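A.B. asks: Dumping the structure here so I can ask a few things about it.
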Amino acid sequence: MENEQKLELTSKIVFDALRDVNDPEIPVNIVDLGLVYDVKIIDNWVGVKMTLTTPGCGMATYIANNARERVLKIPGVSEADVRLVWQPAWNPSMMSPEAKMKLGM
């Protein structure tokens, strides 16, 4: 009976949750910045593949940990893995129109 009330975990739910995670140096969330490349869901495990605006970002661990903690707060998720990748390299064209507007681009 408990399973009947449980919502199906989807990548949309994960992306929506990741919109709560901001780059502390830029007042825009990591999804709208175009930093999240992929979400994979296997049962109650969620894997996130993401990048940063620059490989030398001093906030890398902070941002990745915040993303992982936010994913773990999603009902039904018991494990989360956030991987930082550098290919393809991030560039401003990956930002959403909303992010570009907010940053005056």
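The values are calculated or read from the model by the stated rules, or taken from the named source; none is laboratory data. These figures come from a predicted structure and were not determined experimentally. Neighbour counts run over all protein chains shown; Cβ positions are idealised from the backbone, glycine included. Heavy atoms of the whole protein, side chains included, go into the accessibility calculation; ligands, DNA and RNA do not. Shrake-Rupley method; radii C 1.70, N 1.55, O 1.52, S 1.80 Å.
A.B. asks: What residue, among those in segment 1-34 that are at pLDDT 95 or above, of a type in the set (D, E) and farther than 19 Å from N91 by Cβ, is least open to solvent (accessible area, probe 1.4 Å)?
C.D. replies: D16
A.B. asks: Out of segment 35-76, which residues are closer than 27 Å to G104 by Cα and either open to solvent by less than 10 Å² (accessible area, probe 1.4 Å) or touching a His at 6+ places or on another chain (Cβ under 9 Å) (or both)?
C.D. replies: The answer is L35, M50, T51, L52, I63, A67.
A.B. asks: Right, another one. Kindly list the number of the only condition in (1) touching an Asp or Glu at 6+ places or on another chain (Cβ under 6 Å); (2) under 18 Å from E8 (Cα atoms); (3) not hydrophobic (A, V, I, L, M, F, W, C) that fails for S78.
C.D. replies: (1)
A.B. asks: Out of segment 44-72, which residues are hydroxyl-bearing (S, T, Y) and under 15 Å from N29 (Cβ atoms)?
C.D. replies: Once the filter is applied, which keeps residues that are hydroxyl-bearing (S, T, Y) and under 15 Å from N29 (Cβ atoms), segment 44-72 yields T51, T53, Y62.
A.B. asks: Within segment 47-105, how many residues turn out to be touching a residue at least 40 places away in the same chain (Cβ under 8 Å), closer than 14 Å to L18 by Cα and assigned to a helix (DSSP H, G or I)?
C.D. replies: Here the count works out to 5.
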